[in-house]
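Below is one structure, written out as structure tokens; the observations come after it.
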């Protein structure tokens, strides 16, 4: 044991002195070290193969190289764990999570008080519809009362939050926690009655389901008791052509995926680096709409807000400047429009025409 400890110590000392020697003999070593580290952003995604991970990789590809940034996508965990990592894990700058996880942690206080002062969002992204795939006898979530239902793997956002939705809606079930592959097999065999995923559509496992298996998606009402934390949503034929008719939709609810950051004070190195990312991310957002980026990006409204949470200051400023630029552009276009009409319109009518022009422009966008 002593020999092993001595060997480890010797190795540590040799590496330490070797690094010092390198910094003394290689010109610009310290400058290179600083350059490599000063513009690196660490973004926490999700588990390998999960949608969070795919989206984090998209961000890394699109943003890296802009403003001399390098965005490194890191394999992460579930939504709650990603919030914890942004707050406490060294070097993690940002992460993907969900609004329901943020609201839950603020209410529970398990990560400390004043969470909404320490945690900020850069932008809400896309919805995660609640997708309940059941045997054909069930049409709505209420039909699952007393049934066996799988809530995905333990530790997932589905397992943590969806059982509470069932209870809030007065639907009592026997809770199981299975991977989607295992749950589908038991669903086909009649061992369970439904499997659930609160995640972006389509769920890869659900996309393989064949019509002859006798399974269907059931509806979930946007009840008043859950409206504070969820949005109305729908599952469509585009998501699952084999399970939903061309002109049919299945009403459900959705949580929102959110890109979050620690609330770094202005003027700090971490704030300035995150501000660089914000500018690169927002300014180049049209790149996310091009193949081979995930189609989910097309549903994102960067200007949307999250009630009860502050937006990262640099992101808020970027959006305010963008809106001001949009307004100036609209005003210039309107003036050109009026000059081509030859003018001659009373001022009160001009104001009314401009409001109508803005409404028209918003519809075009």
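For the range 195-302, what does the alpha-carbon gyration tensor say about shape, rounded, prolate or oblate, given a ≥ b ≥ c as the root eigenvalues, a/c under 1.5 as rounded, and a/b over b/c as prolate? Spell out each step's value before the answer.
Working: a/c = 3.04, a/b = 1.90, b/c = 1.60.
Here the range 195-302 falls in the prolate category.
How much length is gained if the chain between residue 145 and residue 320 is pulled fully straight, taking 0.36 nm per residue apart and subtracting their Cα-Cα distance, in nm to one decimal?
Details: separation 175, 0.36 × 175 = 63.00 nm, distance 4.78 nm.
Answer, rounded to one decimal: 58.2 nm.
Going by the alpha-carbon gyration tensor, a ≥ b ≥ c the square roots of its eigenvalues, is the range 60-121 rounded (a/c under 1.5) or, if a/c is not under 1.5, prolate (a/b greater than b/c) versus oblate? It would help to have the intermediate numbers written out before the result.
On the way: a/c = 2.41, a/b = 2.17, b/c = 1.11.
Prolate shape, in that a/c is at least 1.5 and a/b is the bigger ratio.
Can you classify the range 125-210 as rounded, prolate or oblate using the Cα gyration tensor, where a ≥ b ≥ c are the square roots of its eigenvalues, rounded means a/c under 1.5, and otherwise it's prolate if a/b beats b/c and oblate if not? Display every interim value, and only then the final one.
Details: a/c = 1.38, a/b = 1.03, b/c = 1.34.
The shape class here is rounded.
Points 7 angstrom from Cα along the Cβ direction at residue 228 and residue 35: gap in nanometres?
In this crude label model, residue 228 to residue 35 measures out at 5.3 nm.
Calculate I(q)/I(0) for the range 142-257 by the Debye formula, one identical point scatterer on each C-alpha and no solvent, and give its log10 at q = 0.13, 0.14, 0.15 Å⁻¹ to two decimals.
Per q value, in the given order, log10 I(q)/I(0) is -0.49, -0.57, -0.66.
Taking the Cα-to-Cβ direction at residue 175 and at residue 75 and moving 7 Å from each Cα, how far apart do the two end points lie in nm?
Label-label distance for residue 175 and residue 75, simple model: 2.8 nm.
Write down the radius of gyration of the range 264-309 and its Dmax, each obtained from C-alpha positions, in Å.
13.6, 37
Can you give the FRET efficiency for residue 167 and residue 284, using 1/(1 + (r/R0)^6), R0 = 56 Å, r = Cβ-Cβ distance, to the nearest 0.05? Let's see the in-between values first.
On the way: r = 43 Å, r/R0 = 0.77.
Working from the Cβ atoms, E equals 0.85.
Along Cα→Cβ, 7 Å out, is where each label goes; now give me the distance between the ones at residue 88 and residue 303 in nm to one decimal.
The modelled label-to-label distance comes out at 3.9 nm.
If I stretch the segment between residue 268 and residue 188 completely, what's the gain in nm (0.36 nm per residue apart, minus their alpha carbon distance), one decimal? List each step's numbers first, then the result.
On the way: separation 80, 0.36 × 80 = 28.80 nm, distance 5.55 nm.
Extra length from residue 268 to residue 188 when fully extended: 23.2 nm.
Readers should treat all values here as calculations from the given coordinates under stated rules, not as data from a laboratory. All values reported here derive from a predicted model rather than from experimental measurement. Backbone-built Cβ (ideal geometry, glycine too); neighbour counts: all protein chains shown.
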